[in-house]
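The values are calculated or read from the model by the stated rules, or taken from the named source; none is laboratory data. Computed from a predicted model, the values in this text were never measured in an experiment. Note that each Cβ is placed from the backbone with ideal geometry, even for glycine, and that neighbours are counted across all protein chains shown.
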There are 2 protein chains.
Amino acid sequence: MFNFDFHNPTHIAFGKGRVADLAKLVPASAKVLILVGGASAEKTGTLAEVRSALGERAHSTFAGIEPNPGFDTAMQAVNQIRSEGFDFLLAVGGGSVIDATKFIAAAVPFEGDPWTILLKGGRNIQSALPFGAVLTLPATGSEMNNGGVITRRDMGAKLPFRSSHVFPRFAVLDPTKTYTLPVQQLANGVVDAFVHTVEQYLTYPSHAPVQDRFAEGLLQTLVEVGPRLLDAKEPVYDDRATLMWAATLALNGLIGAGVPQDWSTHMIGHELTALHNIDHARTLAIVLPAMLHERRVQKRDKLLQYGQRVWGIRSGTEDERIAAAIENTRTFFEHMGIPTRLRDYGLDASVVSAVVAQLESHGMTQLGEHRDIDLAVSRRVLEAAL
Amino acid sequence: MFNFDFHNPTHIAFGKGRVADLAKLVPASAKVLILVGGASAEKTGTLAEVRSALGERAHSTFAGIEPNPGFDTAMQAVNQIRSEGFDFLLAVGGGSVIDATKFIAAAVPFEGDPWTILLKGGRNIQSALPFGAVLTLPATGSEMNNGGVITRRDMGAKLPFRSSHVFPRFAVLDPTKTYTLPVQQLANGVVDAFVHTVEQYLTYPSHAPVQDRFAEGLLQTLVEVGPRLLDAKEPVYDDRATLMWAATLALNGLIGAGVPQDWSTHMIGHELTALHNIDHARTLAIVLPAMLHERRVQKRDKLLQYGQRVWGIRSGTEDERIAAAIENTRTFFEHMGIPTRLRDYGLDASVVSAVVAQLESHGMTQLGEHRDIDLAVSRRVLEAAL
C-alpha cells in the first residue's frame, strides 16, 4: 500500500425528503445563488422544494449550465456573483452543474485570469466560496469530491482541476430525485461509476486488499443493479438509492487511497467528448474495453482477479479468462444500452489522428499507472475501438 | 436503505514516516498536551519523534491513561489542561488513549459535572478542544470516529458517548508503529475490527448492497490477514497496513450508514470488561458466537449470506450452513489465540446474574437491531457462552 492522505469533509444527507434539510445545512445568513442546468429542476418541482427550504434567505437562480459545462457559461455566473454579492452557492443537478459550481466557487475570489485555474489543474486555487449540492443525477461522484472538469469549446478542450478548497460543504442525495431521469441517463450513471471504479482498481497488485474488495463490491453492485434499473417499469427506491450511493463512493477518494490509478480511459474519453460531443459515460464505454485489451499484459494479475471476483470466471486458461473478463465488460455496457464502438456513433478511422493530436496538445502523452501509455498506445486503443 | 447522514471530517495521514507530518497538522501556535498510556510510547521512540515534529510548539505530556480508560484519570488530565492552558490535545496510542482524549477534549470546556456527559451519552456536549491522534494500536477505529467509552471503576460501569464535536482533526496512521506490539494485541485488533463490522452487518437484509459488500470485504480481509499477522516471524509492512486501514474503516461510520445495527455483543462485552477486566476484544469473542446462535432465527438471511460470501459455505441445509458460519467464526477467534468461552477466563455460571444486573442498571434492556434482546435473552447468551 502506498502512503496516502484521505480527508473528505463533505456532509452527506442521504434519503427521501432530505431537500428540506437545506434549512439547516445552508448558513442562515447566506445570500444564495442556486445553479441549475436546463429546465428540468424547475419542471420536476425540485427547485420549488429547494427555494422553500431556503426560507427567508435571499436567493436567486442561475440557469443554463450545459452538459460538459463550458468555461464561458461559468464565467457568466462568476460575473453575476461578483456584481450581486452572493456568498453561498447551491448546485442543483448532476455532475456538470456541480463541476461548474466548483469552478465558479474558486473563480469568484481568484485574482488574475480564472482560465489559469484550468491550465494549472487547480493547483493555484487559494480559496473558494462555500457551496453545497442537491444531486439529481447519480454518476460522476462530484457531489463528494474536490475535482471537476470544464470544457472550452472554442479550443475543443476539456480540462480537469482539483483543489482541497472545492469540496462541497454538503450534498443532499435524495434517490427519489432520480425518478424523472430518462433511462439513458441512468445507464450513463451506471457506466460512469463502473469506469471510475475500474480506473482506481484495474492496475497492478499493490497489497491493498481492502481497497480491492471495496472496488470489487462497487463493481458487483453496479453489475447487479444496472439491468434492474433499466428493466423496472416503475422506479424502485432501493435500487435508485444503491446507484446513488455507489456512484458517490466510486469517486470520493476512498477506493483510490493508497493504490495506483490509471485514468487513461478518462483522458482519451474527454477528447472524444470535446471533439465529437459524445456523452462522457459513452466515451468511457468505447475506450475501456479496447484499453483493457491493449494493456492485458501490464494488467494481467488484476484482470484475472477482476474476472474471478466480479464476473465469477474460474475456468479456462489465463488468457481465456482475461479475454472473457474484457468481453463481459463490453457486453455489460452494451446491455446497458451503451454502444462500445466508435462506428456506433458514426465515427470512423478518420477521427483517430485528430484525437491523438488533441491528447498531444493537452500533454496527455504519459498516461496510465505506469505512465507508459504514450500517443502510439493511445492511437492503437482508438483503432481497436473502431 | 434507511436515510442517513455521513460526515467524517477527520484527515487521515497514512503510511511510513507520517509522524513527521505533525509539523503541518498541528496548528503552529498550539500549546499541546500529549496524552499517552504506559511507558511504551516513550520506549519505542515514538514520543521522541512526536516531540521533534512539534518543533517550537510549547508542549507537555500526560502519561498513565489505562486500558479501558478511567473517568478519574481523565479528570486529572482535565484539571491539568484547565490550570495550564493547553489548547490542543494529541493522543499517542490506541483506542483507550484516543477515547480518553475525546472525553477530556469535551470535558475541559464543559459547564457542570463532566460525569453527566457519560450519563447522557455525549448528547450534552456543546464544544470540545481540538485534538489529533497518532495511532499505535489498530483495533477500535476511534482514530476516525466521534465516539468513545469511559470506565468508572468504582461503579463497575463502562459507558459510551458520542458527539459531532469529538472527531479527531487528524489521525496519523503509520503501520510501522505497530511493529513493537505483542502478538496478543494484534490478535485483539483483528477480532475487535471483525466484531465492529459484524455488528453493523449481521442484522437483517435492508437493500443496501454496497454496505454489505464493503462489510464483507473487511471481514474477508481480516480473515485473510489475521493468521498471517500472527505467524509472521518479522513484521510485514503491507499486512500491518491492511489491518490498520481495515480497523479504521470498520468503525468510521461508512459501513453502518443507512443500515440497521446491532451492538448487543458490545454492550454485554462492556459489562464483562467492567466486572472482570477482560480485554475488550476478548469479551466480544466470548459473546458473539453465542449471540449469533441465540439469534439465528432473526438473523437467518444475513447469516446465510455471511456464510456464503465470507466463509464460502455453499453446501448443506440452511440450518447446517448457519451452524457452520457460526462455528467458523468461533474457530477463527480461537485460531487468533483468543478463547471464546467464559470458562477459559476462569468464570462460571455464578457470574451470569451479576452481568445481567449490570445490564439492567445501565438500561441495556432492549438491545439488538429489533430492540428485542431483553435481559432474559442476554442471560441465555451468557449461559451459552459458559
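Flag: residue A:369 matches the condition of being charged (D, E, K, R), outside any helix (DSSP H, G or I) and under 21 Å from the mean Cα position of the chain (by Cα).
Kindly indicate whether residue A:338 is in the same structural domain as residue A:259 (by TED's automatic domain parsing), within 27 Å of residue A:185 (Cα to Cα) and outside any helix (DSSP H, G or I). Break it down into steps so the answer makes sense when it comes.
Values: in the same structural domain as residue A:259 (by TED's automatic domain parsing): yes; within 27 Å of residue A:185 (Cα to Cα): yes; outside any helix (DSSP H, G or I): yes.
Against the criterion (in the same structural domain as residue A:259 (by TED's automatic domain parsing), within 27 Å of residue A:185 (Cα to Cα) and outside any helix (DSSP H, G or I)), residue A:338 qualifies.
Within the stretch A:178-187, restricting attention to residues that are assigned to a loop (DSSP other than H, G, I, E, B) and not hydrophobic (A, V, I, L, M, F, W, C), which residue is nearest to the other protein chains (Cβ to nearest Cβ)? Checking each candidate, the answer is A:179.
Among the residues of the stretch B:23-34, is there at least one that is in contact with a strand residue (DSSP E or B) (Cβ under 7 Å, 6 or more places away or on another chain) and within 14 Å of chain A (Cβ to nearest Cβ)? Yes, the conditions are met somewhere in the stretch B:23-34.
Give me the residue from the stretch A:33-70 that is hydroxyl-bearing (Ser, Thr, Tyr) and free of Cβ contacts under 8 Å to residues at least 60 places away in the same chain and, out of that set, farthest from residue A:98 (Cα to Cα). Step through it out loud before you land on a result.
Of the stretch A:33-70, the ones hydroxyl-bearing (Ser, Thr, Tyr) are A:40, A:44, A:46, A:52, A:60-61.
Adding the requirement that they be free of Cβ contacts under 8 Å to residues at least 60 places away in the same chain leaves A:52, A:60-61.
Numbers: A:52: 21, A:60: 17, A:61: 14 Å.
Result: A:52.
Looking at the stretch B:333-347 only, could you name the residues that are of a type in the set (D, E, K, R) and exposed (fewer than 13 other Cβ atoms within 10 Å of the Cβ)? Within the stretch B:333-347, B:343 is the sole residue that qualifies. Among the residues making up the stretch B:154-168, those that are assigned to a strand (DSSP E or B) and modelled with pLDDT of 95 or more are B:161, B:162.
If you go through the stretch A:13-22 and pick out every residue that is within 12 Å of another protein chain (Cβ to nearest Cβ) and under 15 Å from residue A:131 (Cβ atoms), you end up with 1. Filtering the stretch A:354-376 to residues that are farther than 21 Å from residue A:121 by Cβ and touching a Lys or Arg at 6+ places or on another chain (Cβ under 8 Å) leaves only A:356. Checked across the stretch A:230-241, the condition of being more than 16 Å from residue A:309 (Cβ to Cβ), within 19 Å of the chain's Cα centre (by Cα) and surrounded by 23 or more Cβ atoms within 10 Å (Cβ to Cβ) holds for at least one residue. Going through (1) buried (at least 24 other Cβ atoms within 10 Å of the Cβ); (2) touching a strand residue (DSSP E or B) at 6+ places or on another chain (Cβ under 9 Å); (3) within 20 Å of residue A:144 (Cβ to Cβ) one by one, residue A:263 falls short only on (1). Scanning the stretch A:305-323 for residues that are part of a helix (DSSP H, G or I) and either modelled with pLDDT under 95 or surrounded by fewer than 16 Cβ atoms within 10 Å (Cβ to Cβ) (or both) yields A:308, A:318, A:319, A:320.
So how many residues does the stretch A:331-386 have that are within 19 Å of residue A:297 (Cβ to Cβ) and among the small types (Gly, Ala, Ser)? The number of residues fulfilling the criteria is 5.
Quick check on my filter: what residues within the stretch B:111-127 are surrounded by fewer than 24 Cβ atoms within 10 Å (Cβ to Cβ), in a loop (DSSP other than H, G, I, E, B) and not charged (D, E, K, R)? B:112, B:114, B:121, B:122, B:124, B:126, B:127 - these are the residues of the stretch B:111-127 that are surrounded by fewer than 24 Cβ atoms within 10 Å (Cβ to Cβ), in a loop (DSSP other than H, G, I, E, B) and not charged (D, E, K, R). Residues in the stretch A:107-139 that are within 30 Å of residue A:229 (Cα to Cα) and modelled with pLDDT under 95: 1 in all.
Looking only at the stretch B:217-224, decide whether some residue is touching a residue at least 24 places away in the same chain (Cβ under 8 Å), out of contact with any strand residue (DSSP E or B) (no Cβ under 6 Å at 6 or more places or on another chain) and at positive phi. No, that holds for no residue. The combined condition, being within 21 Å of the chain's Cα centre (by Cα) and either within 14 Å of chain A (Cβ to nearest Cβ) or outside any loop (DSSP other than H, G, I, E, B) (or both), is fulfilled by residue B:9.
For every residue, the table says whether it meets (1) more than 27 Å from residue A:23 (Cβ to Cβ); (2) among the hydrophobic types (A, V, I, L, M, F, W, C); (3) out of contact with any helix residue (DSSP H, G or I) (no Cβ under 7 Å at 6 or more places or on another chain); (4) outside the structural domain of residue A:68 (by TED's automatic domain parsing).
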residue	(1), (2), (3), (4)
A:124	yes, no, no, no
A:127	no, no, no, no
A:130	no, no, yes, no
A:133	no, yes, no, no
A:137	no, yes, no, no
A:140	no, no, no, no
A:147	yes, no, yes, no
A:150	yes, yes, no, no
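Listed by position, the helices (runs of 4 or more DSSP H) inside the stretch B:188-302 whose residues that are within 14 Å of chain A (Cβ to nearest Cβ) and not hydrophobic (A, V, I, L, M, F, W, C) number at least 2 are B:209-231, B:237-249.
Report whether or not residue A:91 is touching a Ser or Thr at 6+ places or on another chain (Cβ under 7 Å) and farther than 16 Å from residue A:61 by Cβ.
Taking the combined requirement at face value, the residue does not satisfy it.
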